[in-house]
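What follows is a single structure, written as structure tokens, with notes after it.
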Amino acid sequence: ITSGGELHVGGDVVAYSTTVSDKRLKDNILTIGDPLGKIKALRGVEYDWNNGSRKGQHDLGLIAQEVEEVLPMLVREHEMPLLDGAEDGTIYKTVDYEKLVALLVEGMKEQQETIDKLEERIKKLENR
């Protein structure tokens, strides 16, 4: 545990927790604008880990530097003292993946609205 309160573990952490999301703790609440545009700007990738406890493992995810260009509030910088060969003070970028859920929810809603309109248009054309 760092003096800043961060816990670093070399392997997976299995835990059960919740994220505080109470409306009373939030101001300036806005629905996410252009969710599909943001989703389309992200790039899902396959890759192989080249360091740490997952070295050599094949995985799926996003590249933090690319996410930062679209959704900078989802990217954080941290020292990772347990990475092999990491020097003290080396900073790595991380992604708050859980926050992507809100973007995906709004993107699905936007897609469904488009699908519903297209289905309605098809029915009208079929009934001619």
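The values are calculated or read from the model by the stated rules, or taken from the named source; none is laboratory data. What you are looking at is a predicted structure, and each value in this text was computed from that prediction instead of being measured. For neighbour counting, all protein chains shown are included, and Cβ atoms are generated from backbone atoms with ideal geometry for every residue, glycine included. Please note that ligands, DNA and RNA were not included when accessible areas were found on the heavy atoms of the full protein model with its side chains. Shrake-Rupley method; radii C 1.70, N 1.55, O 1.52, S 1.80 Å.
Among rounded, prolate and oblate, which fits the stretch 18-68 when a ≥ b ≥ c are the square roots of the eigenvalues of its C-alpha gyration tensor, a/c under 1.5 means rounded, and a/b larger than b/c means prolate?
oblate
Solvent-accessible area of His8, probe 1.4 Å, all protein chains present, reported in Å² to the nearest ten, please.
Rounded to the nearest 10, that gives 40 Å².
Over the stretch 1-113, calculate the relative contact order: mean separation of alpha carbon pairs under 8 Å at least 6 apart, over the residue count, as a percent. All intermediate terms of the calculation are to be shown ahead of the outcome.
Numbers: 110 pairs, mean separation 27.5, N = 113.
Relative contact order for the stretch 1-113 comes out at 24 percent.
Find out how many positive minus negative residues lie around Glu6, taking Lys and Arg as positive, Asp and Glu as negative, among other residues whose Cβ is under 13 Å from that of Glu6.
On the way: positive: Arg76; negative: Glu77, Glu79.
In short, -1.
To the nearest 500 deg cm²/dmol, what mean residue ellipticity at 222 nm is calculated for the chain from DSSP H runs of n ≥ 4 alone, each contributing -39,500 (n - 2.57), summed and divided by the residues?
-10500 deg cm²/dmol
Provide the per residue accessible area, probe 1.4 Å, for the chain, rounded to a whole number of square angstrom.
Result: 84 Å² per residue.
In the structure displayed, which of Lys99/Lys123; Lys26/Lys55; Lys38/Lys93; Lys99/Lys124; Lys38/Lys117; Lys23/Lys109 lie more than 30 Å apart, Cα to Cα? Intermediate values should be presented prior to the final figure.
Working: Lys99/Lys123 37 Å; Lys26/Lys55 39 Å; Lys38/Lys93 20 Å; Lys99/Lys124 39 Å; Lys38/Lys117 22 Å; Lys23/Lys109 21 Å.
Pairs exceeding 30 Å: Lys99/Lys123; Lys26/Lys55; Lys99/Lys124.
Between Ile1 and Asp88, how many nm apart are label points set 7 Å from Cα along the C-beta direction?
Reported label-point gap for Ile1 and Asp88 is 2.1 nm.
Hey, got the dipole for the chain? About the Cα centre, +1 on K and R Cβ, -1 on D and E Cβ, debye to the nearest 20?
740
Taking all protein chains as present, what is the carbon and sulfur share of the accessible area of the chain, in % to the nearest whole number, probe 1.4 Å?
Carbon and sulfur together cover 52 percent of it.
Can you tell me how the chain classifies by the Cα gyration tensor, rounded, prolate or oblate, using a/c under 1.5 as the rounded cut?
The shape class here is prolate.
Residue separation times 0.36 nm, minus the C-alpha to C-alpha distance between Ile32 and Arg54: what's the value? Walk me through the intermediate numbers first.
Values: separation 22, 0.36 × 22 = 7.92 nm, distance 3.39 nm.
Value of the extension gain: 4.5 nm.
Quick check: pseudo-label points 7 Å beyond the Cα along Cα→Cβ at Glu46 and Arg24, how many nm apart are they?
Roughly 4.8 nm, to one decimal.
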